[in-house]
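Down below is the structure, laid out as structure tokens.
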Amino acid sequence: MTVPENIESGEQEKQFEANNTTDSTSPPITNTKTTATGEKARPASNSKAHTHGETLPGWTIMRPLRMRGIRGSARNGNAQVSTTDEGKETDKKGDDDLKVTETNGSGDRDGAGEWLSFSANSNTVAQYYAVSESVVNWLSTAFLFAFVIVSPLTIYVLHRGGPKPSIVTASLLILLGNWIRYGATRSGPHGNFGGVMFGQILTGLAQPFVLSAPTRYSDLWFTNRGRVAATALMSLANPFGGALAQLIDPFWADAPSDIPNMVLYIAIISSIASIPSFFIPAEPPTPVSASGTVPKQPLLPSLKFLFTSPEFYMIMIPFTVYVGLFNSISSLINQMLEPYSFSETEAGIAGALLIVVGLVTSAVTSPIIDRTKSYLMAIKLQVPVIALCYLAFTWAPSTRNLGAVYAILSILGAASFSLVPVVLEYLIEITHPVSPEVTSTICWSGGQLLGGIFILISDALRAPGINDGTADDGSKRPMGNMWRALIFQTVVACVVVPLPLMLGWFGRGHGVRMRRIEADKGATEGRRMGVESGVGGEGGGGVVS
């Protein structure tokens, strides 16, 4: 099977639709081939052939990624299937692939540490830099807005160069930004807040280069039986760094004088975590799936298709809203709890639970969804749970019950984090052959933009007065409370719930077809027919499009 490099996008879309007009329950295609003697080859039967590709078991995410019998370059699209050379797999290859996943996550992990490094102990940070907590909030807001500004360049780099140059770019920006932050923090008795902000913006510019890469990476390196888990592992490394920041930073900086050391420790950890990104392979030695080698649509046709697709909006809008709300509540968690006499350490643990429980839940659910392909059901179940959690959290701080806060945030994290990789992969499925980084970057950018906006709105809705808990009079609305901000985020969370619930309704069932999986199944069936007919030793027949 050969995938030509010169497929025009229009021809590619037409051929793709022609090859995938039947659903996954339809009988196998029974194309025939003509042999050298002029006789027609026997059509493929329903019996299981010794084929590879997308029929691998679900645990292939942790197996070596070399697909048996597939040769060629994953980047240039010239993938060929061989009927010989069965099963040349090595433990070293498996170790390399696991290292790729880990190092891809490492670039993500350090960036989140910068984003939330000042949120859990915002009062202490404000004292050191001699600014207000509202000014401290701009460190998170600027970080999020910087993400949005550089997103178009991110799409270009990922589309033209693939994941590796994107991840290396992120590592360089993270290294530079962290050490600028530390130098500015050491400049004078109260540091140089402008220099800290500049370093923070540099780390924000790094984020889209690594946060948008996982879907492109999993499309290139994994089969459809492991992409959700792979995307989850890499994407959720970012909030894992946030969890560490929420949990550890209050212990590192118990007093304002400890802030310089806290920033130094973060810079050292980020530097160490960035180094492996320079050594990851650019692509797998051989293609792992047909869809991963298909030439993707150019950017402009891709954007035109996405912005005219109702299904894209019905998934993208709630995703960006919930990412924005998560960014906001993570950045303001201390300021939401502290007026009710919760300590910075307790707020940090609450923020860490929000993330850690989510990570554990995602680690459990992602392989299940990989195996069952129940993307749509998962989305329709998780979105209402997320909205209900925001509703319940509206009254949680005023109860002054730490258990209630921890429980609600844990459930919120579980629903939110298990949703992230499902949405990112499902969008790629229903928009194939649009390149994965396009949908991923648009969704993440929208979430960061809304996150920055939500932080500003929530800060403006804060009640006047001291908000460090010293003015807590035991009432439900003490001075400096964020009651109105909690109502705001609840309303926003609930408004978007109907959108994903209506996916597939009103005669739009064709809009939720999983096109990438259909393409892979079509290519596998073509190879099966080629093997059973004994024709075309190097090909399974036809063009993948």
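The values are calculated or read from the model by the stated rules, or taken from the named source; none is laboratory data. Fair warning: this is a prediction, and the values are worked out from it, not measured in the lab. Every residue, glycine as well, gets a Cβ built from its backbone with ideal geometry; the counts of neighbours run over all protein chains shown. Accessible surface is based on the protein model in full, side chains and every heavy atom, while ligands, DNA and RNA are left aside. Shrake-Rupley method; radii C 1.70, N 1.55, O 1.52, S 1.80 Å.
Quick check on my filter: what residues within the stretch 439-459 are within 22 Å of Leu391 (Cβ to Cβ) and over 18 Å from the mean Cα position of the chain (by Cα)?
Of the stretch 439-459, the ones within 22 Å of Leu391 (Cβ to Cβ) are 447, 450-451, 453-455, 457-459.
Within the stretch 439-459, Ile453, Phe454, Ile455, Ile457, Ser458, Asp459 qualify.
Does Pro208 satisfy being surrounded by fewer than 24 Cβ atoms within 10 Å (Cβ to Cβ), modelled with pLDDT of 75 or more and closer than 22 Å to Ser445 by Cβ? Working first, answer last.
Working: surrounded by fewer than 24 Cβ atoms within 10 Å (Cβ to Cβ): no; modelled with pLDDT of 75 or more: yes; closer than 22 Å to Ser445 by Cβ: yes.
For Pro208, the condition - surrounded by fewer than 24 Cβ atoms within 10 Å (Cβ to Cβ), modelled with pLDDT of 75 or more and closer than 22 Å to Ser445 by Cβ - is not met.
Against the condition closer than 30 Å to Leu175 by Cβ, open to solvent by less than 10 Å² (accessible area, probe 1.4 Å) and at pLDDT 90 or above, how does Gly324 come out, does it pass?
Values: closer than 30 Å to Leu175 by Cβ: yes; open to solvent by less than 10 Å² (accessible area, probe 1.4 Å): yes; at pLDDT 90 or above: yes.
It is true that Gly324 is closer than 30 Å to Leu175 by Cβ, open to solvent by less than 10 Å² (accessible area, probe 1.4 Å) and at pLDDT 90 or above.
Quick check on the stretch 301-310. Is at least one of its residues assigned to a loop (DSSP other than H, G, I, E, B) and either in contact with a helix residue (DSSP H, G or I) (Cβ under 7 Å, 6 or more places away or on another chain) or open to solvent by less than 20 Å² (accessible area, probe 1.4 Å) (or both)?
Initial filter on the stretch 301-310 (assigned to a loop (DSSP other than H, G, I, E, B)): 307-309.
Still in the list and also either in contact with a helix residue (DSSP H, G or I) (Cβ under 7 Å, 6 or more places away or on another chain) or open to solvent by less than 20 Å² (accessible area, probe 1.4 Å) (or both): 309.
Yes: one or more hits.
From (1) touching a Pro at 6+ places or on another chain (Cβ under 9 Å); (2) closer than 17 Å to Leu376 by Cα; (3) open to solvent by 20 Å² or more (accessible area, probe 1.4 Å), pick out the condition that doesn't hold for Gly465.
Every listed condition holds for Gly465 apart from (2).
What's the number of the only condition in (1) assigned to a helix (DSSP H, G or I); (2) β-branched (Val, Ile, Thr); (3) over 19 Å from Thr394 (Cβ atoms) that Thr470 fails to meet?
(1)
One residue is enough: does the stretch 503-514 have a residue meeting the conditions open to solvent by less than 30 Å² (accessible area, probe 1.4 Å), at pLDDT 85 or above and in contact with a Lys or Arg (Cβ under 7 Å, 6 or more places away or on another chain)?
No, that holds for no residue.
For the stretch 313-355, give me each residue that is of a type in the set (A, V, I, L, M, F, W, C) and part of a loop (DSSP other than H, G, I, E, B). Show your work before the answer.
Step one: filter the stretch 313-355 for residues of a type in the set (A, V, I, L, M, F, W, C), giving 314-317, 319, 321, 323, 325-326, 329, 332-333, 336-337, 342, 347, 349-350, 352-355.
Once the filter is applied, which keeps residues that are of a type in the set (A, V, I, L, M, F, W, C) and part of a loop (DSSP other than H, G, I, E, B), the stretch 313-355 yields only Phe342.
Please state which one of Ser330, Ser398 is buried (at least 23 other Cβ atoms within 10 Å of the Cβ) and hydroxyl-bearing (Ser, Thr, Tyr). Step through it out loud before you land on a result.
Working: Ser398 fails: buried (at least 23 other Cβ atoms within 10 Å of the Cβ).
That would be Ser330, the only listed residue that is buried (at least 23 other Cβ atoms within 10 Å of the Cβ) and hydroxyl-bearing (Ser, Thr, Tyr).
Based on what the data block shows, is Leu176 surrounded by fewer than 24 Cβ atoms within 10 Å (Cβ to Cβ), more than 23 Å from Ile329 (Cα to Cα) and modelled with pLDDT of 70 or more? First the steps, then the outcome.
Numbers: surrounded by fewer than 24 Cβ atoms within 10 Å (Cβ to Cβ): yes; more than 23 Å from Ile329 (Cα to Cα): yes; modelled with pLDDT of 70 or more: yes.
Answer is yes for this residue.
I'd like to know if the stretch 334-342 contains one or more residues that are of a type in the set (Gly, Ala, Ser) and within 20 Å of the chain's Cα centre (by Cα).
Initially, the stretch 334-342 is screened for residues of a type in the set (Gly, Ala, Ser), giving 341.
Subsequent filtering for residues that are within 20 Å of the chain's Cα centre (by Cα) retains none.
Within the stretch 334-342 (the criterion being of a type in the set (Gly, Ala, Ser) and within 20 Å of the chain's Cα centre (by Cα)), the answer is no, since none of the residues qualifies.
Give the residue that is nearest to Glu311 (Cα to Cα), with candidates limited to residues of the stretch 351-388 that are open to solvent by 10 Å² or more (accessible area, probe 1.4 Å) and modelled with pLDDT of 95 or more.
For the stretch 351-388, the residue satisfying everything is Pro384.
State yes or no: is Leu412 touching a Cys at 6+ places or on another chain (Cβ under 9 Å), surrounded by fewer than 22 Cβ atoms within 10 Å (Cβ to Cβ) and within 23 Å of Phe488 (Cβ to Cβ)?
Details: touching a Cys at 6+ places or on another chain (Cβ under 9 Å): yes; surrounded by fewer than 22 Cβ atoms within 10 Å (Cβ to Cβ): no; within 23 Å of Phe488 (Cβ to Cβ): yes.
The answer is no for Leu412.
All but one of (1) within 17 Å of Cys389 (Cα to Cα); (2) open to solvent by 50 Å² or more (accessible area, probe 1.4 Å) hold for Leu486; which doesn't?
Answer for Leu486: the failing condition is (2).
Restricting to the stretch 494-511, count the residues that are within 21 Å of Ile386 (Cα to Cα) and not in a loop (DSSP other than H, G, I, E, B).
So the answer is 6.
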